[in-house]
1. Regarding segment 76-181, what are the three Cα extents along the principal axes, ordered largest first, in Å?
2. Among the lysines, select those whose C-alpha is under 16 Å from the C-alpha of Lys103, and discard any that sit fewer than 8 residues away in the same chain.
3. Along Cα→Cβ, 7 Å out, is where each label goes; now give me the distance between the ones at Glu108 and Asp76 in nm to one decimal.
4. Using a Förster distance of 22 Å, how high is the FRET efficiency between Arg141 and Arg115, based on the Cβ-Cβ distance and rounded to 0.05?
5. Straight-line reach only, C-alpha to C-alpha below 20 angstrom: list the aspartates and glutamates that Lys49 could link to, leaving out same-chain residues fewer than 8 apart.
6. Using Cβ counts within 10 Å as a stand-in for footprinting exposure, how do Leu148, Leu79 rank, fewest first?
7. Looking at segment 68-138, which trypsin sites (Lys or Arg not before Pro) are DSSP coil and have at most 13 other C-beta atoms within 10 Å of their C-beta?
8. Quick check on segment 51-117: take the gyration tensor over C-alpha atoms, sort the square-rooted eigenvalues as a ≥ b ≥ c, and tell me if it's rounded (a/c under 1.5), prolate or oblate.
Amino acid sequence: MLRTLSLFAPAVLALTLLSAPALAAGSDSGESNATKCAKGEAYNNTTKKCVKKTSALDDDQLLQNAKAFAYAGRYDEALTLLGQIRQPQTAEVYNYLGYATRKSGDVEGGLAYYRRALEIDPGYTLARSYMGEALIIAGRRDDALAQLGEIKERCGMGCREYVILARALTGVTDSELRQTW
């Protein structure tokens with residue numbers, strides 16, 4: 001554990017101290033308007049209202065709502081919206097299918113979606129980070145470390161995706177990390 005911690009501690013500590021709130025589940029901001037919608041509804045960016053008829057939303061709005069629902073723990077709703085996307089063959093859609101599937105308890109299903117996302121875009125580091133988390137859950141730590149190495153090559157030890165996966169690999173909390181310095 002100490003050896004592993006020494007490999008990741010500098011990057012994790014730096015980003016923990018500078019931007020801990022920005023690291024939460026890959027989210028970019030606070031609560032989304034989508035999460036204010038009732039079950040079975042989604043947020044329409046054009047009308048600025050929650051709507052029941054999600055078929056009226058374009059693919060980008062469906063994806064944004066699905067991401068917000070996934071990060072809010074509303075995985076079934078996220079999966080429903082992702083399933084309505086008309087042009088689903090993107091790395092981002094497969095990544096969030098993986099995220100919501102994994103978080104729903106189907107780790108192997110999530111891994112399959114992450115692999116598909118990375119077939120489309122091998123440089124998509126968020127999919128690599130989430131895949132690494134799934135690999136840890138599946139007991140495949142060496143494979144998760146390989147994903148961490150791929151992330152490091154693509155965006156360095158200071159990028160958010162590296163730090164998220166490094167934290168998961170070390171199992172170190174922010175307070176434990178601060179105690180090492």
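1. Largest first, segment 76-181 extends 50, 27, 21 Å along its Cα principal axes.
2. Straight-line reach from Lys103, under 16 Å: Lys67.
3. Label-label distance for Glu108 and Asp76, simple model: 2.3 nm.
4. Numbers: r = 18 Å, r/R0 = 0.81.
With a Förster radius of 22 Å, E is 0.75.
5. Glu31, Glu41, Asp58, Asp59, Asp60, Glu77
6. Lowest count first: Leu79, Leu148.
7. Of the trypsin sites (Lys or Arg not before Pro), the ones in loops of segment 68-138 whose Cβ has at most 13 other Cβ atoms within 10 Å are Arg86.
8. Numbers: a/c = 2.40, a/b = 1.42, b/c = 1.70.
Oblate.
Every read-out reported here was derived from the displayed coordinates using simple, explicitly stated rules and does not represent laboratory data. On a predicted model such as this, the values are computed, not experimentally measured, just so you know. Reconstructed Cβ throughout: ideal geometry from the backbone, glycine too, with neighbour counts over all protein chains shown.
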